[in-house]
1. Looking at segment A:93-126, which GluC sites (Glu not before Pro) are DSSP coil and have at most 14 other C-beta atoms within 10 Å of their C-beta?
2. How large is the dipole of chain B about the Cα centre if only Lys and Arg carry +1 and Asp and Glu carry -1, each at its Cβ, rounded to the nearest 20 debye?
3. Mind running the shape call on chain A? Use the C-alpha gyration tensor, a ≥ b ≥ c as the square roots of the eigenvalues: rounded below 1.5 for a/c, prolate if a/b tops b/c, oblate otherwise.
4. Between A:D121 and B:A130, what's the calculated FRET efficiency when r is the beta-carbon distance and R0 is 22 Å? Round to 0.05.
5. Per the helix-only calculation at 222 nm, which mean residue ellipticity applies to the protein assembly as shown, given -39500 (n - 2.57) for every DSSP H run of n ≥ 4 and division by its residues, nearest 500 deg cm²/dmol?
6. Does the protein assembly as shown come out rounded, prolate or oblate by the C-alpha gyration tensor, with a ≥ b ≥ c the root eigenvalues, rounded set by a/c under 1.5 and, if not, prolate when a/b is larger than b/c and oblate if not?
7. Kindly give the distances from B:P182 to its copy-mates, label point to label point, with each label point 7 Å from Cα along Cα→Cβ, as nm values to one decimal ordered shortest first.
8. Would you mind computing, in nm to one decimal, how far apart the modelled labels at A:Q178 and B:T43 are, each placed 7 Å from Cα along Cα→Cβ?
2 protein chains.
Amino acid sequence: MPMTLFYAPRSPFAAKVRVCLAEMAGAKDEVEEVPADPWTDETLRALNPLCKVPTLRLDAAAGGGNLYGSSVIVQYLDARFDGKLVPTEGPTRWDALRREALGDGLAEAVIRRFVEGLDPDNARRDKVIARQEAAITAVLDHLDAEAAWTESALDLGAVAVGTALRYLTGRSPEITWQAERPRLAGWFGRFITRPSVATLGY
Amino acid sequence: MPMTLFYAPRSPFAAKVRVCLAEMAGAKDEVEEVPADPWTDETLRALNPLCKVPTLRLDAAAGGGNLYGSSVIVQYLDARFDGKLVPTEGPTRWDALRREALGDGLAEAVIRRFVEGLDPDNARRDKVIARQEAAITAVLDHLDAEAAWTESALDLGAVAVGTALRYLTGRSPEITWQAERPRLAGWFGRFITRPSVATLGY
């Protein structure tokens with residue numbers, strides 16, 4: 001039995017894992033991708049007490065157990081399939097993981113901003129929304145200003161940034177970030193044409 | 001100049017890093033710990049666009065840059081100081097990172113439950129609170145049922161669990177989890193007497 005990756009079609013964290021998986025030669029044949037709604041499907045909880053996606057059900061070759069947390073899942077698959085997306089040591093490792101933190105933080109801020117917007121107005125809500133918008137702006141500016149990374153080979157950090165930008169663009173189209181950040185926008189325009197991304201669906 | 005770790009006294013993620021740091025022989029002399037309030041202190045944003053704690057300002061020996069995300073910071077410090085808290089490969093690595101995900105998820109659920117409780121009642125809020133409480137219960141049950149890990153040497157996963165339990169107990173004392181989970185409670189009782197934990201303060 002192959003491994004199984006449970007994902008929600010809209011989750012940027014699940015999208016990060018799915019893109020990484022598709023970028024690893026030979027890995028996709030070993031992992032079945034199954035959509036799941038962690039808000040309504042309690043069967044996931046047997047694999048992951050948090051009942052969240054992405055969750056990876058391992059196979060016998062892995063010695064049992066399941067993995068959750070998008071970063072851990074990618075690191076596991078990368079080690080197992082020699083994916084070359086997660087450097088194992090040295091400055092390139094910390095650079096990839098730093099940029100992953102930016103991508104994850106961006107996605108998280110977009111989610112929080114959206115969810116807070118669903119609730120009645122109040123002072124706490126306004127403060128949370130302002131904080132998320134400050135983070136979104138600062139991350140986008142930082143990624144554009146330090147754009148040397150866009151010339152390097154794809155790594156986990158770049159995938160995290162790309163899938164977060166894709167989520168931002170779909171979830172919050174009123175945030176028009178591209179014109180003022182041409183280097184980041186140019187990279188993103190190329191990123192979404194990669195087969196690993198273009199075939200994600202929604 | 002030594003490295004600087006910015007932390008918020010109440011943050012369970014910052015506590016995780018601080019405990020790990022104190023458990024690494026010789027590491028504490030190389031890292032100055034500085035309290036910061038990421039909601040009011042914008043100076044952090046120059047180091048971390050997300051303006052969050054924990055953030056680690058690196059020294060010249062690291063070749064510049066800063067790190068953020070509690071897991072990445074611990075992995076960096078562990079590699080640099082040979083901390084032995086994060087196995088670099090094999091089943092022990094994935095086991096530690098799986099348990100870290102449980103600890104982080106527990107802390108996140110306690111935070112979300114608390115924050116939602118600050119807002120006016122509505123259907124979305126009730127659903128979010130119920131989901132967080134289901135996660136808290138399931139994680140605690142899982143950690144107690146699979147308690148073999150409590151007999152092993154301390155690793156990143158155990159520290160994440162311990163600091164999350166400490167946060168749960170301080171933030172949500174109305175959740176009385178210990179009596180029904182004697183193995184987890186026994187381990188936690190020992191964990192909080194470790195000097196690395198007992199000296200954390202609030």
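1. Working: sites: A:E100, A:E108, A:E116; in loops: none.
Answer by residue number: there is no such site.
2. In debye, rounded to 20, chain B gives about 180.
3. Numbers: a/c = 1.94, a/b = 1.23, b/c = 1.57.
Here chain A falls in the oblate category.
4. Approximately 0.40, to the nearest 0.05.
5. That comes out to -16500 deg cm²/dmol.
6. Since a/c stays below 1.5, the shape of the protein assembly as shown is classed as rounded.
7. Here the equivalent label points are 7.1 nm apart from this one.
8. Modelled inter-label distance: 3.9 nm.
Read-outs throughout are calculated quantities, based only on the coordinates presented, and are distinct from any laboratory measurement. Since the structure is predicted, the reported quantities are computational estimates derived from the model, not experimental observations. Glycine also receives a Cβ, built like all others from the backbone with ideal geometry; neighbour counts cover every protein chain displayed.
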